[in-house]
Amino acid sequence: MKKEKPIQVLELSTGFSVRGLILSSKLDIYLETDLPNVVKIKREIIRKIVANKHLFISALNPLDYDELKSIGDRFFKKSKDKRVVIVQEDLITYFSSDEQEQVRRNISRFLQEYCPRWGWITTDFSY
């Protein structure tokens, strides 16, 4: 990944991390996602700090493939030739075993459909 930088990043369950704010200026798209209440607060904070045309923030429940598909249609459909990296940390601990499996299936399906040149980075070792 060092030789070929990802062009687009989809981060799941971002919370109040500043990773997207720091990295987005070097990428085509950095899309942060979280639950609607977190997204609302974060958008307000980011708008007060900086204008950034590469950073996007959107509500997403990773258990719901239709929501993930909507994100794909909106942000990644026109760019199937570009690299997309999905980043997620400390998300899985909030889900039951069945829900963890559903998240894995949804991410796998998303990557197959929208991101032929993809990667998935996680620190959740409960997989």
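What follows draws every value from the coordinates through simple rules; no lab data is involved. Since this is a predicted model, take the numbers as computed values, not measurements. Neighbour counts are summed over all protein chains in view; Cβ atoms, including those assigned to glycine, are modelled from backbone coordinates with ideal geometry.
Descriptive notes on the structure:
- Comparing L23, L31, L111 in a Gaussian network model of the chain where C-alpha atoms under 10 Å apart are linked, the largest mean-square fluctuation is found at L23.
- Between R43 and S97, the FRET efficiency from the beta-carbon distance, with R0 = 30 Å, is close to 0.35.
- Using bins of 5 Å that start at zero, the share of Cα-Cα pairs per bin across the chain amounts to 2, 11, 22, 25, 21, 14, 5, 1, in whole %.
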